[in-house]
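Right, one structure below, let's go through it.
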Amino acid sequence: MSESDSQEQVAVVLPDGSALEVDADATVEDCAYEIGPGLGSDTVAGKLDGDLVAKEQPVYDGAELEIITDQSEEYLEVMRHSAAHCLAQAVERHYDDVDLAIGPPTDEGFYYDFDNLDVDEEDLAALEDEIAEIIEADYEIEREEVSIDDAEARLADEPYKLELLSEFAEEADTVTFYSQGEWEDLCAGPHVDSTGEIGVVELLEIAGAYWRGDEDNTMQTRIYGTAFEDEGDLEDFLERKQEAEKRDHRRIGNEMDLFSIQDVTGPGLPLYHPAGKTVLKELEDFVEDLNKDAGYDYVETPHVFKTDLWHRSGHYENYQDDMFIFDVGDDEFGLKPMNCPGHAAIFQDHSWSYRDLPIRYAENGKVYRKEQRGELSGLSRVWAFTIDDGHLFVRPEQIKSEVEAIMDMITDVLETFDLEYEMALATRPEKSVGSDEIWDRAEEQLESVLDSHGHEYDIEEGDGAFYGPKIDFAFEDAIGRSWDGPTVQLDFNMPERFDLNYVGEDNEEHRPVMIHRALYGSYERFFMMLIEHYEGRFPLWLAPEQVRVLPISDDNLGYAHRVANEFDDFRVEVDGRDSTLERKIRAAHDDRVPYQIIVGDNEEADGNISVRDRFEDQEYDVEIEAFKTHLEDEIEEQRTEPDFLQD
Ligand SMILES: [Zn+2]
Ligand SMILES: [Zn+2]
């Protein structure tokens, strides 16, 4: 018997669905060579069941394998991880006694965390030069498999690495090191073959970060950077970044006095000021109109429940770490992280016939989730937020028509705000509750809704929640950034847990299916996204201050107030300060007020107004009534009555 015959074989699945048989100890790279020598030599890394791994990683039977070359989307991620290593190498060349923490790639680049590092923004240029030299030197990046004992000896001066090592040691007998020139790091990889393969690196900023994101740990120094294959890509990125900073909702929120998050009131707990609440109220009213027309009933539930409810809903076992839980006397309570259990409890308090269904409950429900403090940021990551939540209780055969109606509502919302969107259907995962029959039926109905909707969608096989399939929306804002949007989630689990029933035509008890849906998702994230999408220049219907009246001189102040009274159906202010007209115009512009009404002696004599818009177009001799009509029409047009409600 020849040697190859005795070798055990495994099969991996390639992206085209075909199987590739290889020796049981074959690596990702071996597989690539098996497919073709060209691909073998181009291999940078691999993906095994979706996880990015080193090309030296052995494959296993049944794994889905993807070969990563410098043509793959993931290549940038690999290169940026290598750039993070160059940063750490440069830092250790310039500073003594620095302790290394972690240095992963991110969506936009990479970072590396250091302890005992005293560094300023001014020092970044010198580090960038050092990195450029490391790239220029074109060090080979070598991977080495090391026993835990050897690793411990090599990391003797690195307390954070030792902490990580002790965790790896629980799962494996060996770890890997990557070295380049005189420098090495405990690291799982993957990396490019040599430092010369890294294009251009730019260091972006310095921030504080807690070790492992836990505020009880040491605050370390994090240096952020990014890397691209060439200078042009970097320039494009920096331009987009600058545009994003100009639109930063925290800065605009402060300038427009929309909201604040204060130390004294607590982290991740936003306070909405009058201007901010004005915008939120318009958003609330808009979905309330949609909900009422679509047959939803509003309900209200408190912010806190006894933990009995969280046991019943399953949140206590599965979600406890993210909940605020506390004792009152002998009872335990928890702030609600989701609104669904409250709505299920309302449904459960009745007996229902099949004729009553679907039941649709809506609530602007405040929820509380204990995110790590280090992760909190403006309105995008918060502890307290409000969901424009809706829960439907439907008969299994009603899934299609109900989801269809929800999809229409969601797409109308997204179109109202000029947001492009993408959709994906997430299907049954390996571990799930509910019968095959109900899953198949539900997925079929969702697919047929998506097909008839006419918009392209992806299918994310096995990505559904264990309790039901879902449709996810992602939208793109004015500068091309993608945001998680609304979802439509089917749920076969909660009706079981709450023992929800209706009496069917057959006089037997049946389980309804629960549908969770939100049109905006969280108000906080949606509001944040709108601020950045519009750069604070909200459409007229949302603008906190819609019209500002500017008297040319103090002599026209009385007339200015009389004009403002004429516009009291709108959000109008008078700039009565003793200041020049130029300054008042500038202030209104900076405050992002959509329209300025300018009144001087001429306007007062004729009983009319001059109007100036955000684009600095000015019109004279405008009649007050005509401009009112103009404003009403503009608001009506922007706050579009969705088509499906008009018929
Ligand atoms: Zn690394
Ligand atoms: Zn829900």
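The values are calculated or read from the model by the stated rules, or taken from the named source; none is laboratory data. Keep in mind that what you see is a predicted model, and the values were worked out from it rather than measured. Backbone-built Cβ (ideal geometry, glycine too); neighbour counts: all protein chains shown. These accessible areas exclude ligands, DNA and RNA; they are computed on the full protein's heavy atoms, side chains included. Shrake-Rupley method; radii C 1.70, N 1.55, O 1.52, S 1.80 Å.
Here's the yes/no breakdown for (1) surrounded by 15 or more Cβ atoms within 10 Å (Cβ to Cβ); (2) under 18 Å from G521 (Cα atoms):
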position	(1), (2)
A275	yes, no
F286	yes, yes
Y298	no, yes
K306	no, no
L309	yes, no
S313	yes, no
A344	yes, no
P358	yes, no
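Taking region 552-583 on its own, how many of its residues are among the charged types (D, E, K, R) and more than 18 Å from D257 (Cβ to Cβ)?
Here the count works out to 9.
Could you pull out the residue among E202, E163, E197, E184 that is surrounded by fewer than 17 Cβ atoms within 10 Å (Cβ to Cβ) and either assigned by the TED database to the domain that holds A88 or under 21 Å from K55 (Cβ atoms) (or both)?
Only one candidate qualifies: E163.
Looking at (1) touching a Cys at 6+ places or on another chain (Cβ under 9 Å); (2) free of Cβ contacts under 8 Å to residues at least 24 places away in the same chain, which is the only condition P37 fails?
If we test P37 against (1) touching a Cys at 6+ places or on another chain (Cβ under 9 Å); (2) free of Cβ contacts under 8 Å to residues at least 24 places away in the same chain, just (1) comes out false.
Looking only at region 475-486, filter to residues that are more than 18 Å from E108 (Cβ to Cβ) and buried (at least 19 other Cβ atoms within 10 Å of the Cβ); which one of those is farthest from ligand 2 (Cβ to nearest atom)?
Per the criteria, the residue is F475.
Would you check if there is a residue in region 396-404 being among the polar types (S, T, N, Q) and assigned to a loop (DSSP other than H, G, I, E, B)?
The answer is no, given that none of the residues of region 396-404 is among the polar types (S, T, N, Q) and assigned to a loop (DSSP other than H, G, I, E, B).
Take region 388-410 and flag every residue that is out of contact with any helix residue (DSSP H, G or I) (no Cβ under 7 Å at 6 or more places or on another chain) and surrounded by fewer than 19 Cβ atoms within 10 Å (Cβ to Cβ).
Residues satisfying the conditions are E397, Q398, S401, A405.
Return the total of residues in region 141-160 being out of contact with any Leu (no Cβ under 9 Å at 6 or more places or on another chain) and either assigned to a helix (DSSP H, G or I) or open to solvent by 60 Å² or more (accessible area, probe 1.4 Å) (or both). If you could, list the steps in order and put the result at the bottom.
Step one: filter region 141-160 for residues out of contact with any Leu (no Cβ under 9 Å at 6 or more places or on another chain), giving 141-145, 147, 149-150, 153, 157, 159.
Now narrow it down to the ones that are either assigned to a helix (DSSP H, G or I) or open to solvent by 60 Å² or more (accessible area, probe 1.4 Å) (or both): 142-145, 149-150, 153, 157, 159.
Of the residues in region 141-160, 9 are out of contact with any Leu (no Cβ under 9 Å at 6 or more places or on another chain) and either assigned to a helix (DSSP H, G or I) or open to solvent by 60 Å² or more (accessible area, probe 1.4 Å) (or both).
Quick one: count up the residues across region 493-523 that are under 36 Å from the mean Cα position of the chain (by Cα), part of a loop (DSSP other than H, G, I, E, B) and not aliphatic (A, V, I, L, M).
Residues that pass the stated criteria total 6.
Count, please, the residues in region 95-132 that happen to be within 22 Å of E163 (Cα to Cα) and assigned to a loop (DSSP other than H, G, I, E, B).
9
Quick test for you: out of F324, F333, pick the one residue that is away from ligand 2 (no atom under 16 Å from the Cβ), under 26 Å from the mean Cα position of the chain (by Cα) and touching a residue at least 24 places away in the same chain (Cβ under 8 Å).
So the residue among F324, F333 that is away from ligand 2 (no atom under 16 Å from the Cβ), under 26 Å from the mean Cα position of the chain (by Cα) and touching a residue at least 24 places away in the same chain (Cβ under 8 Å) is F324.
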